[in-house]
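Student: I am attaching a structure below and will ask some questions about it afterwards.
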Amino acid sequence: MTDVFLHIYDLSNGIAAQLSRQLTGRHFKAIYHTAVVVHGREYYFGGNGIESSLPDETPYGRTIERKYMGSTDISDTVWQEFLRTIRKDYSVGTYHLLEHNCNTFSNAACQFLVGCEIPGEIVALPKEFLETPLGLMLRPQIDAMYGRHSLAAHGQQGLSISQPQVLYARRRQGYQDHPDLIFNAKPTLSKLCNTLLSAMSDMQIDAVEHVLAALFDGRQPSASDFILLLTELKRFFDRVPPADSFPALDVLRLIALDKEAAQRIPAALFEQVVSIQAAVEHESPTSEKTLLVLMRLIANATSTTYPRISRAMSAGDGYPLLGRGIASHSRLTSKAALIAALGILLHDKSATKVEDAFALGIATALAERIDMNLTAATNPLVEAWSSSEVDLARRVVQELTPRTDQDVGELLESFEL
């Protein structure tokens, strides 16, 4: 575990406390700048984007407070990946003195690292300043200085989950030539969020709403909402039995429809999901539903962020999991797994040979599922493949056979499809 500290500075060097009432009509203790200290470095956001230095060696003078925020089990590797993920949202061009500043970054970072926000008085300072006569007068000049209009002026606000919201229906093609290899069915926001209510916090529900509403309206979600959502999803996977985690998996599946958003999902979260699910026995209806959603998530992520999901599959024992999906009694789960497998093969089409574990797992699962299909008429627990699943299986065999060892290749060639 690593301690996380919030370093708090007063950019006015005490002048705000002395003169703010005379200038604005309200008393302000300080003009706050904050930075987050973790893993031996101090991180902050300013006019040059996200920067770091040794603790207490930033250009902002001496701290007025070092606040302990908690301890985190997030490694420096994962933390650095998180910073790379959000760097686009905290670049030179996105900085705004009042709406997207150092404290916005510190708040998002603390939520990711320890799951809590920075002190409310720091976050509220810009809003309180804007409510003063001086703030109202300076607001247009500040907005003009940063080259954009106020978000508040556009009335940006969240959606209410009590109001069913039909999601944007545009099809997102992960493979230009293979639009069938992606799952993009989108429920209404209210339906999805209400499914999550029993296990997730109100804060997380809001983040789910805002992120999905943005993505399906053709926009990228705000960094703070996206970070909060990913943080809460990780905690959800930590505390909910793996067999019951399908609502959160479905959120990731929907995010993975969008290439830019999918690439902001940390690889560590994909690895956690795959490794946890690899240990689940899928004998109950609940865990079978989880397996179905997971196969659809893998299919979508393969099309939009292949390097991350591929690494997760290799590290988290994901290939046997994919085989388990293909051999499922459920036709829908089997189909989703076939699509995921075919997506992997198409993405790696330049590779002359696939991983042995992948080839053997897929071949063995296909053999098992083909045998099950032959007995489906007399076994009420097995749903027979339709022509759609048979066609997918043929395509998997066609792509896999020339790129595997002779023994596996002979097994694949023996299938009657």
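The values are calculated or read from the model by the stated rules, or taken from the named source; none is laboratory data. The shown structure was predicted, so the numbers you read here are calculated from the model rather than taken from an experiment. Every residue, glycine among them, receives a Cβ derived from its backbone with ideal geometry; neighbour counts consider all protein chains shown. These area figures cover heavy atoms from the full protein model, side chains too; ligands, DNA and RNA do not enter into them. Shrake-Rupley method; radii C 1.70, N 1.55, O 1.52, S 1.80 Å.
Student: Over 32 Å between C-alpha atoms is what I'm after, so list which of K67/K88; K67/K289; K259/K353; K259/K289; K67/K127 land there.
Tutor: Where the Cα-Cα span goes over 32 Å, the pairs concerned are K67/K289.
Student: Across the stretch 229-242, in residue order, what do the Karplus-derived ³J(HN,Hα) couplings come to in whole Hz, using 6.51 cos²θ - 1.76 cosθ + 1.60 with θ = phi - 60° and x for Gly and Pro?
Tutor: Listing the rounded values in order: 4, 5, 4, 5, 4, 4, 5, 4, 5, 5, 10, 9, x, x Hz.
Student: Still on this structure, please answer the following. Relative contact order of the stretch 218-323, please, whole-number percent, based on alpha carbon pairs below 8 angstrom and at least 6 residues apart.
Tutor: Normalised by residue count, the contact order of the stretch 218-323 is 34 percent.
Student: Where does each of 388-397, 319-328, 371-380 land if you order them by average Cβ count within 10 Å, highest first? Intermediate values should be presented prior to the final figure.
Tutor: Details: 388-397: 18.4, 319-328: 23.6, 371-380: 12.5.
Top to bottom by mean Cβ count within 10 Å: 319-328, 388-397, 371-380.
Student: Per the Debye formula with a single identical scatterer at each Cα and no solvent contribution, what log10 I(q)/I(0) holds for the stretch 1-113 at q = 0.13, 0.15, 0.16, 0.21 Å⁻¹?
Tutor: For the stretch 1-113, the Cα-only Debye profile gives -0.51, -0.67, -0.75, -1.16.
Student: Can I ask one more? What relative contact order, as a whole-number percentage, does the stretch 298-417 give when Cα pairs under 8 Å and 6 or more residues apart are counted?
Tutor: Across the stretch 298-417, relative contact order equals 29 percent.
Student: Quick one: if you stick a label point 7 Å off each Cα along the C-beta vector at E65 and E416, how many nm between them?
Tutor: Each label point lies 7 Å from its Cα, and together they span 7.6 nm.
Student: Between R26 and L54, what FRET efficiency follows from the Cβ-Cβ distance if R0 is 45 Å, with the result rounded to 0.05?
Tutor: Calculated transfer efficiency: 0.80.
Student: Q18: net charge of surrounding residues, Cβ under 15 Å, Lys/Arg +1, Asp/Glu -1, itself excluded?
Tutor: Charge balance near Q18 sits at +2.
Student: Of L291, T364, F415, which is farthest towards the positive pole of the stretch 282-417's charge dipole, taken about the Cα centre with +1 and -1 on the beta-carbons of Lys, Arg and Asp, Glu respectively?
Tutor: L291
Student: I've got another one for you. Suppose every Lys and Arg Cβ carries +1 and every Asp and Glu Cβ carries -1, with no other charges. What dipole size does the stretch 260-417 come out with about its Cα centre, to the nearest 20 debye? Before the final figure, lay out the partial values.
Tutor: Details: 14 positive and 20 negative charges, 131 e Å.
Once rounded to the nearest 20, the dipole reads 620 debye.
Student: Going by average Cβ neighbours within 10 Å, how do the peptides 265-271, 53-59, 341-347 rank, with the highest at the top?
Tutor: Taking the mean over residues of other Cβ atoms within 10 Å, the ranking is 341-347, 265-271, 53-59.
Student: Of L97, A35, G70, which is farthest towards the positive pole of the stretch 1-99's charge dipole, taken about the Cα centre with +1 and -1 on the beta-carbons of Lys, Arg and Asp, Glu respectively?
Tutor: L97
Student: What is the sum of charges around P266, taking Lys and Arg as +1, Asp and Glu as -1, for the other residues whose C-beta is under 12 Å from the C-beta of P266?
Tutor: +3
Student: Could you sort M69, M1 by their accessible area in this structure, using a 1.4 Å probe and putting the largest first?
Tutor: M1, M69
Student: Can you order the peptides 242-248, 74-80 by their average number of other Cβ atoms within 10 Å per residue, highest first?
Tutor: Listed from highest to lowest mean packing, they are 242-248, 74-80.
Student: At a Förster distance of 41 Å, what's the computed FRET efficiency of T2 paired with T352, Cβ-Cβ distance as r, to 0.05?
Tutor: Working: r = 43 Å, r/R0 = 1.06.
Calculated transfer efficiency: 0.40.
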